[in-house]
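First up is the structure itself, then whatever we jot down about it.
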Amino acid sequence: MSLIDRCPSAMHRAALRLVGAALGGPVTQGLLEDLAQVDPVALAGLLNVQHAHTVVAAVQGRDPRLDAALPEDLWLYLAEMRAANRDRMALGVQDLGRIGALLGGAGISAVVLKGGAEMLDPLVNPAAIRFVSDLDILVPYDRAREAQALLSGQSPDAVAFPDRIDAAVLHHLDPLHPEGHEFPIELHFHVGQSLVRRVLDAPGVLDRATPSAVAGIALPSMRDRFLHHVLHYAKEHHADHGLYLRGLVDHHAFRQALTAQDRAAAETSLRAAGLGHHLQILDALTDMVLGQDPGAMSPATSRWLRRCLQGFGSPARRRLSASLTLLYRVPWRFVTSRYYRRRYLGILRDPAVLKGELGLQRDRFGKLR
């Protein structure tokens, strides 16, 4: 029995195996049997929320049995989404050009993180399959207010900006939506939240960055890009045993692109911070979707993977877990964080903001499929 067979849902097993096939793994009998039990519309919804719809389009034509297993209109939808994403990525490069012109013109160092870095230096092949939601731009903390003002068209004094205490909790400013831009912009003054900052400090990432093809925008070093990927996945998905298909696509691309030296340096940094198990988990998950044997794993990693696969195929269980986490997190943050206490009180005082926040939470729970 493969690891994927531990997942209790045929639809979720099919999504895992489809992504693996799109990345070059085998078209297995298990995949064909799972697809025979799946509602194509529901499968498309799962692939969408996992940001894997653009990936799976690449598998059409690999095997006539697979082509016949899904309706033609679903294949057409996936191909159209992939083409649309390719065009959208090109618009993102234009956005980065505008951002670089403004920040570079003011002498503000700027490093594009995560998906934005993928736009300028694609690791995923073809680049059209990498889905990006926003542009994360790292700038020095002492220039972040000025950068936010430049990109928003405000004066620096009008920009809401965290003091040093709040900056220890936050890692980016409120998203910007400049007119004419395709992507929202998040200006970061830390690379990520506390887990990420245990390994990656903002000044170091800025210092090690290399120029990109876009003036005014730099790229993190490959080691830093890889570490950020591993740590961001861990921060988002480890505590609740989560599985994110697009993250596994990214991991496969990094493993192919990394030099042995960069991989070894990243492993050393993670082990030194006591976080080496997060890389082992991502390696095992990626091997699993590719139909490969993950090899020897620690007992803790093996237990984590079993819980992950059980939860991935049990949306009701994940909704319950997310509800309990929310019920715990909000009171804890209210008591322990001045920033969140002010934020929550502000939400409660403004009915329109409260309505928007409740809508956001409903949307998040609706995406748990």
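Data table
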{"read-out": "Segment Val41-Ala352, extension gain: residue separation times 0.36 nm, minus the distance between their alpha carbons", "value": "108.6 nm"}
{"read-out": "Linear extension gain, Asn125 paired with Glu72, 0.36 nm per residue minus alpha-carbon span", "value": "16.7 nm"}
{"read-out": "Highest-MSF residue in the chain out of Ala58, Ala110, Ala300 [GNM, Cα springs under 10 Å]", "value": "Ala300"}
{"read-out": "FRET efficiency estimate (nearest 0.05) - Cβ-Cβ, Asp174 to Arg362, R0 25 angstrom", "value": "0.75"}
{"read-out": "The chain: most fluctuating residue of Arg17, Arg341, Arg130 per GNM, C-alpha cutoff 10 Å", "value": "Arg341"}
{"read-out": "FRET efficiency for Asp163 and Val330, using Cβ-Cβ distance with R0 set to 22 Å, rounded to 0.05", "value": "0.45"}
{"read-out": "For the chain, share of DSSP beta bridges that run antiparallel, in % to the nearest 5", "value": "60 percent"}
{"read-out": "Over the stretch 181-286, relative contact order from alpha-carbon pairs under 8 Å, at least 6 apart, %", "value": "25 percent"}
{"read-out": "Most mobile of Leu200, Leu345, Leu258 in a GNM of the chain (Cα contacts under 10 Å)", "value": "Leu345"}
{"read-out": "Likely footprinting exposure, Lys114, Lys355, Lys235, fewest C-beta neighbours within 10 Å first", "value": "Lys355, Lys235, Lys114"}
{"read-out": "Residue-span extension gain [Arg342 to Gln29] - 0.36 nm each, minus C-alpha spacing", "value": "107.2 nm"}
{"read-out": "Unit Cα scatterers, Debye sum, the stretch 189-297: log10 I(q)/I(0) for q = 0.14, 0.16, 0.24 Å⁻¹", "value": "-0.57, -0.74, -1.51"}
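Only the coordinates and a few stated rules stand behind these numbers; no lab work does. Given the structure is predicted, the values throughout are model-derived calculations rather than measurements. Quick reminder, even Gly has a Cβ in these numbers, built from the backbone with ideal geometry, and neighbours come from all protein chains shown.
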